[in-house]
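Inspection log for the structure reproduced underneath, given as structure tokens.
Only the coordinates and a few stated rules stand behind these numbers; no lab work does. Predicted model only: the values in this text are computed from it and were never measured. Because the Cβ atoms are built from the backbone with ideal geometry, glycine has one as well, and the counts that use them run over all protein chains shown.
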Amino acid sequence: MGLQTRKVQRVVTPQEVMEGAGVRLRRSIATRELDYVDPFLLLDHFGSDNPEDYVRGFPMHPHRGIETVTYMLRGFVEHKDSIGNAGRIGPGDVQWMTSGRGIMHEEMPQPGPGGMAGFQLWVNLPARLKMTQPRYQEVPSARIPEVKRGDGTRVRVIAGEVDGVTGAVTEIAAAPAYLDGYLPAGVTFSQPVPRGHAAFAYVFEGEGAFGVGEDDQGTSAVSPTLLILGDGDVVTVRAAAKPVRFLLVSGKPLHEPIARYGPFVMNTREEIQQALDDLRNGTFVR
Ligand code: MN
């Protein structure tokens, strides 16, 4: 038996939402249509040529029980947090923040050449790590390996492994892959993803077909589109007439109860109430 190609199970059109102090963004996970893709709890695609759409940013706010992953394409995010990190991430940089029991932080987008664009993904923490010590990993663009194939394919490996190259971010509970892939027109790409792991692709430039097999044209998607992939061994992508650029993200599902309330994601309502009590009592950040 050969390896099974993961077929597209669901096609999701991102919804425009307002978040933070007035940031316009495209959300495709954590909507009424799609609550979560265990272990992924949220996917936002931000970006605009108009600073009015984002400069109000995300002033100081808490998180508990999750990891927030920010990946920049253009422009900058100025940030600071309650565990002493402060600075600015820019094009190609990644910030992988494990909130654990509690972090307060501020995320303020700033324009750069070509405006501002990027992604924020929320990765759930297993129950045993929800109250772990907060951890912060910042990876500058230059430290993110890029795999280049002879056919013109380029894949930035933020987490996971491509062609034997290990990503910059490691030791994450969900054992995730987080790839930024570019395929020129006419090129096919395939990437193993462990069977049983959740996987999705997010097309953010051009157009490509996913779940392509020997006798299967797959499912075509034009930017911006989220594609939830069914189970199998391999993700396949083909760029036909146009190049395509996409995120490919996978991770091990937790299969645990989810209680979410804004920036807190726990297992029970009582734990959410505890987070609110801790905030009120000044015991949230310890
Ligand atoms: Mn945040």
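With the convex hull of its Cα atoms as the shape, the range 81-170 has an orientation-averaged projected area of 7.5 nm².
Per 0.36 nm of contour for each residue apart, how much would the distance between Gln4 and Met18 grow if the chain were fully extended, relative to their Cα-Cα spacing? Please list the in-between numbers first.
On the way: separation 14, 0.36 × 14 = 5.04 nm, distance 3.92 nm.
This chain segment gains 1.1 nm when fully extended.
In summary, the lysines within cross-link reach of Lys252, defined as a Cα separation below 23 angstrom excluding same-chain residues under 8 places away, comprise Lys7, Lys130.
From the helices alone, meaning DSSP H stretches of at least four residues, give me the mean residue ellipticity at 222 nm for the chain, per-run term -39500 (n - 2.57), in deg cm²/dmol to the nearest 500. Let's see the in-between values first.
On the way: 1 runs with 13 residues, N = 286.
Using -39500 (n - 2.57) per qualifying helix, the result is -1500 deg cm²/dmol.
Computing FRET efficiency as 1/(1 + (r/R0)^6) for Asn85 and Val222, where r is the C-beta to C-beta distance and R0 is 35 Å, gives about 0.40.
In terms of the Cα gyration tensor, with a ≥ b ≥ c the square roots of its eigenvalues, is the range 1-160 rounded because a/c is under 1.5, prolate because a/b exceeds b/c, or oblate? Verdict is rounded for the range 1-160. For the range 1-92, the Kirkwood estimate of hydrodynamic radius, built from reciprocal distances between every pair of different alpha carbons, is 15.6 Å. In this calculation the C-beta distance from Gln110 to Glu146 is compared with R0 = 35 Å, giving a FRET efficiency of 0.90. Against the chain, whose longest principal axis is taken from its Cα atoms, helix 269-281 shows a tilt of about 50°. For the pair Glu256 and Asp163, the difference between a 0.36 nm per residue extended length and the Cα-Cα distance amounts to 30.3 nm. What's the whole-number percent of alpha carbon pairs in the range 102-258 lying beyond 22 angstrom? Looking at the range 102-258, the distances longer than 22 Å represent 47 percent of pairs. Note on Asp215 and Ser190: the model spin-label points, each 7 Å out from Cα along the C-beta direction, lie 1.6 nm apart.
Between Lys242 and Thr170, what length comes free when the chain is fully extended (0.36 nm per residue of separation minus the Cα-Cα distance, one decimal in nm)? Mind showing how you got there, number by number?
Values: separation 72, 0.36 × 72 = 25.92 nm, distance 3.29 nm.
Extending this stretch completely gives an extra 22.6 nm.
The order of the peptides 217-226, 126-135 by mean Cβ neighbours within 10 Å, most packed first, is 217-226, 126-135.
According to the Kirkwood expression over distinct Cα-Cα pairs, how big is the hydrodynamic radius of the chain, in Å? Before the final figure, lay out the partial values.
Details: mean 1/r = 0.0519 Å⁻¹.
Roughly 19.3 Å, rounded to one decimal.
Cα centroid separation, the range 1-63 to the range 76-151: 15 Å.
Lys and Arg at +1, Asp and Glu at -1: add these up for the other residues within a Cβ distance under 13 Å of Thr153 and post the number. Please list the in-between numbers first.
Numbers: positive: Lys148, Arg149, Arg154, Arg156, Arg238, Arg245; negative: Glu146, Asp151, Asp163, Asp180.
That sum, taken over residues with Cβ under 13 Å, equals +2.
Show me the ranking of peptides 197-210, 3-16, 151-164 by mean Cβ neighbours inside 10 Å, starting with the highest.
Values: 197-210: 22.4, 3-16: 15.9, 151-164: 18.1.
Going from most to least packed, we get 197-210, 151-164, 3-16.
Projected label points at Thr268 and Leu129, each 7 Å from Cα along the beta carbon direction, are separated by 2.2 nanometres.
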